[in-house]
Each structure stands twice: as structure tokens, then as C-alpha cells.
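The values are calculated or read from the model by the stated rules, or taken from the named source; none is laboratory data. All of these numbers come straight from a predicted model, not from anything done at the bench. Cβ atoms come from the backbone with ideal geometry, glycine included; neighbour counts cover every protein chain shown.
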């Protein structure tokens, strides 16, 4: 399983579509472990691009602070699950917390 976390300044970015990088994590869900981490520079912001781009990277699940409704729908169309409302934290901690069922999430901080 592969996770993607938008990153700005080394932390989970509250603004999904305007992050600096994406941290991609291959995980062993059964063992609740990260087996590989990769940092990729985010492509230029373009409406509708990120769901396709992350699907091309093999991503199964995105952890985000906020995301617009259109993007949520596009991720769903690409078969990618989205967890929104995560706070600014270390991306690796967010993935491990999700694997262990303790990721604290709140409201979607994006309104478009």
C-alpha cells in the first residue's frame, strides 16, 4: 500500500494543492510499518492534475489537512482514498498514526 502526504516546510501541509513536495510512503499494513519513503517535488499547480499524477505514482491513500470538493471527487474517481483534516505534523508520524488507527483529524481546512 502506498500513502502520499503533502509537505511544506518539512511538515504536513494544510493546503494540499499548494504544497512544496509529496512524501510517498510504501507501507506494510499488516506489520504497521513504513518500508520505503520517497520525496517528490510537487508538480506545478494545475486544477485536476494531482489526482492523476498521484495515481500514476501508485498512491492508494492521501493524508491531507484540507482539500477542495472537486479534488476529493477526482481522487475517488482515481480509486484513491483521502483522509482530510489532519493537523500539521511530521508526515511519517501521520502515516504511522493512520496505520495504528490513532490519526487525529478535524475539519477540512479547504473551502474550494
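Here is the figure for the stretch 5-46: residues that are under 17 Å from residue 103 (Cβ atoms) and more than 14 Å from the chain's Cα centre (by Cα) total 4. In the stretch 78-88, the residue that is surrounded by the most Cβ atoms within 10 Å (Cβ to Cβ) out of those that are out of contact with any helix residue (DSSP H, G or I) (no Cβ under 7 Å at 6 or more places or on another chain) and at negative phi is 84. For the stretch 39-55, the set of residues classified as within 9 Å of residue 17 (Cβ to Cβ) and touching a strand residue (DSSP E or B) at 6+ places or on another chain (Cβ under 7 Å) consists of 42 only.
If a residue must be over 18 Å from residue 94 (Cβ atoms) and assigned to a strand (DSSP E or B), how many such residues does the stretch 22-69 contain? Within the stretch 22-69, residues that are over 18 Å from residue 94 (Cβ atoms) and assigned to a strand (DSSP E or B) number 1.
Reported count of residues in the stretch 70-95, each being assigned to a helix (DSSP H, G or I) and in contact (Cβ under 8 Å) with a residue 12 or more places away in the chain, is 10.
When residues of the stretch 71-89 are filtered for being in contact with a strand residue (DSSP E or B) (Cβ under 8 Å, 6 or more places away or on another chain) and more than 18 Å from residue 17 (Cα to Cα), how many remain? Selection size over the stretch 71-89: 0.
Scanning the stretch 1-21 for residues that are over 17 Å from residue 90 (Cα atoms) and modelled with pLDDT under 95 yields 17, 18.
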